[in-house]
Amino acid sequence: MTTDLEKRIQELEQERTDQQEFISMIAHQLKTPLAGTKWALDELLQEGAVTSDEMRALVEGGFRSNERMIKLIDELSRANKTHAWRLDRKSTR
């Protein structure tokens, strides 16, 4: 009975590790294209490439939306790391 329980605990720990690695990988994969988009939109705004007020408003809106997505992904990464740290602390007690 004990070996079944130990085996199940190891399986759950591996699932937790896999989940944390998956979230970390997804966050990185999402953030990479967002960084490129942020750079391109910032260049448009800084270089004066956007001449009409209507287009400038659209580019600024895209820039703000991109920033929000980056912040959400950063929060997801932080929550994932914090959760992993808490679980690791509990398992070492």
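The values are calculated or read from the model by the stated rules, or taken from the named source; none is laboratory data. Quick caveat, the model's predicted, so the values are computed rather than measured. We place every Cβ from the backbone using ideal geometry, glycine too, and count neighbours over all the protein chains shown. Keep in mind that these areas ignore ligands, DNA and RNA; they rest on the heavy atoms of the full protein, side chains included. Shrake-Rupley method; radii C 1.70, N 1.55, O 1.52, S 1.80 Å.
One residue stands out in the stretch 51-64 among those that are free of Cβ contacts under 8 Å to residues at least 12 places away in the same chain and assigned to a helix (DSSP H, G or I): the one that is surrounded by the most Cβ atoms within 10 Å (Cβ to Cβ), namely Arg56. Every condition in (1) open to solvent by 70 Å² or more (accessible area, probe 1.4 Å); (2) assigned to a helix (DSSP H, G or I) is met by Ala79 except one, and the failing one is (1). Of all the listed residues (Glu15, Glu6, Glu21, Glu67), the sole one being more than 11 Å from the chain's Cα centre (by Cα), in a helix (DSSP H, G or I) and at pLDDT 95 or above is Glu67. Applying the set (1) open to solvent by less than 90 Å² (accessible area, probe 1.4 Å); (2) within 19 Å of the chain's Cα centre (by Cα) to Gly48 leaves exactly one unmet item: (2).
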